[in-house]
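Below is one structure, written out as structure tokens; the observations come after it.
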Amino acid sequence: MRAGLIATLSIAVAAVAGIAIGDDALPVAFADKATGAITTGATRPTPAGNPARDYLSPAERSRGQQYGLLPAGTKSLLRTPKRMSHGDYDWNEDGVPPGQLTVWVDLRTQILSVFRGGHEIGTAVIVYGAETMKSPLGRFPILSKQRDYHSRSYDAPMPYSLFITDTGVALHGSPMSSRRATHGCIGLPTEFARLLFAAAKTGDEVHIVRSDTTMAMAARGR
């Protein structure tokens, strides 16, 4: 496995000042002083005919799954050569056949990826729950979809909501900033949330994980 594995993943290492954002996107100030940038992008040549996509070898797929960076069955990732920050996203489903949709959320890297039949068709930087109202970890089916939901509890808009718990946790459009947090939801750039809302259906699975920093560094060969 080449040392540049993680550089090939659009589920990339993210070190941000502060913490994430989401649900009602309340501005918060945390003591976490981690600094850096969310870096994505492939370093290997992309097969001719599909310059937007990076196909993974069996070894790369195995290593990515081992370290919690990729869901099982991943075949290709979007090529996103620029550095990504809050508000950035990519969506490209050209050439990807119909198939099962899976959403993969890594709270450590603050990256969400959408896979169809094992091929990544969308990726975005996210915000998530504050320390006192953490986003849940685990595997969740999409229970319901509401295009124009408004939170009664927090008097906040939650456009393009995909609800994954019966307590109100959802993936939805949100203001984006590295110094914002939610009450447990996964906040997405609003236009990306619109694309995901259109592609997803009830019953599709959302996996929320927190990949291991030490193991991810080992995957990079450090």
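Read-outs throughout are calculated quantities, based only on the coordinates presented, and are distinct from any laboratory measurement. Just so it is clear, the model here is predicted, and its values are computed rather than measured. In this analysis, Cβ positions are derived from the backbone assuming ideal geometry, glycine residues included, and neighbour counts consider all displayed protein chains.
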Mind ordering 204-211, 119-126 by average Cβ neighbours within 10 Å, highest first? 119-126, 204-211
Classify the stretch 122-185 from the C-alpha gyration tensor, please: rounded if a/c falls under 1.5, else prolate or oblate depending on whether a/b exceeds b/c. rounded
Amide H of Glu120 versus every other amide H placed in the peptide plane: which residues, excluding those fewer than 5 positions away on the same chain, fall under 5 Å? Lys75, Ser76, Leu77, Leu78
